[in-house]
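Okay, structure first, notes after.
The values are calculated or read from the model by the stated rules, or taken from the named source; none is laboratory data. Please read these numbers as outputs of a predicted model, since none were measured by experiment. So basically every Cβ, Gly included, is an ideal-geometry build from the backbone, and we count neighbours across all protein chains shown. Side chains are part of the model used for accessible areas, which takes the heavy atoms of the whole protein and leaves out ligands, DNA and RNA. Shrake-Rupley method; radii C 1.70, N 1.55, O 1.52, S 1.80 Å.
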Amino acid sequence: VDWLSLYGHQKGEFIQTKNDVYSSVIEDYRTPQYSKRMVIKFNEEGKYLPFAELLYSPCITSIHSLSCQLRILNRGLYLPNWFSRLSFLLRVLPFEYRSMTRIDVYADFNKFYRGLLPSTLIDNYIKAKFLKIGINNGYLSFKSMGYTIANNSASLPKGFSVDSAQYNGITWGHKGYCQTQLYNKTLELREVKFKPWIVESWEQAGLDTSSVWRLEFRLQKAAKD
C-alpha cells in the first residue's frame, strides 16, 4: 500500500499528547475542506517521527460538521508495523471510521515473469501488438516523468515518433475512480522526489535499484467497492 486515507466522524475532542508511544500536535492548517490538522508521530528509538495526519474541523457546510480524514503518511506505509500502528490509533483517537477515501495498491519489480520488460510491454501496446480489454486508451509518459500525451493524440511534441520515444510510464483509467499505472519508479524518485525509505525496501527485497518499475492501482470513490 502506497497511499491510505480514511474518512470518519469526530466523536470527541482531539487533544495534543505525548507519551512513550506516540505524540500528537494540533495546528491551524487550512485546506479546501478543513481548518485544523493533527500531526501524529510515533517513538522510534527515542525519536518521534511523523506517521499520520488527521484533518478535521470542516470549513464548508457541504460536508458533515463532524467529518474528519485520517491519512497515513507515505513513509509510515513502508514500515513493517504500519497496520498495527493504524489499529492502535483507531482505538485511542476519538475517530469513528466510516469509509476509505483512497487506497493505492502496488507491486515493485524489475521485469515481469518470463523476462518481459515493462518498457517492451508499453512499446508493444502503443504499436497495437497488445490490446487492452475495454476502452483502448492510455496516457504515456516518456523521457521525463510528468510529461504526458494521450494515445493517438492529434497534438504531439515536436520530433516525437512512436518508434523513437523512450517510454517510462503509461496510465489507464479515470483519475478519481480507478487508475492503473505502470511506470519507472526509479526515474520518478530521481526526477520528482527522492524517498530513501522506498529504496531501502527495494534493497531488502533484493531488487536492482537502478531500474525499478511500479504497477499501481489507485482506487477512489465507487472503485473502492
Filtering the stretch 174-225 down to residues that are closer than 24 Å to Leu6 by Cβ and in a helix (DSSP H, G or I), which residue is most open to solvent (accessible area, probe 1.4 Å)? Lys221
Residue by residue through the stretch 186-225, note down the ones that are touching a strand residue (DSSP E or B) at 6+ places or on another chain (Cβ under 6 Å) and under 20 Å from Arg102 (Cα atoms). Arg214, Leu215, Glu216, Phe217, Arg218, Leu219, Gln220, Ala223, Lys224
Restricting to the stretch 1-16, give me the number of residues that are within 22 Å of Glu96 (Cβ to Cβ) and surrounded by 14 or more Cβ atoms within 10 Å (Cβ to Cβ). 9
Restricting to the stretch 61-85, what's the tally of residues that are closer than 20 Å to Arg37 by Cβ, of a type in the set (A, V, I, L, M) and under 18 Å from the mean Cα position of the chain (by Cα)? 4
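For the stretch 91-114, what are the residues that are under 20 Å from Tyr56 (Cα atoms) and either open to solvent by 60 Å² or more (accessible area, probe 1.4 Å) or assigned to a loop (DSSP other than H, G, I, E, B) (or both)?
Arg91, Val92, Leu93, Pro94, Glu96, Tyr97, Arg98
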Quick check on Tyr78: is it out of contact with any strand residue (DSSP E or B) (no Cβ under 7 Å at 6 or more places or on another chain), among the aromatic types (Phe, Trp, Tyr), surrounded by 12 or more Cβ atoms within 10 Å (Cβ to Cβ) and closer than 30 Å to Leu215 by Cβ? yes
Note on the stretch 86-110: residues within 17 Å of Ala205 (Cα to Cα) and either without any contact (Cβ under 8 Å) to a residue 24 or more places away in the chain or touching a Ser or Thr at 6+ places or on another chain (Cβ under 7 Å) (or both) are Asn110
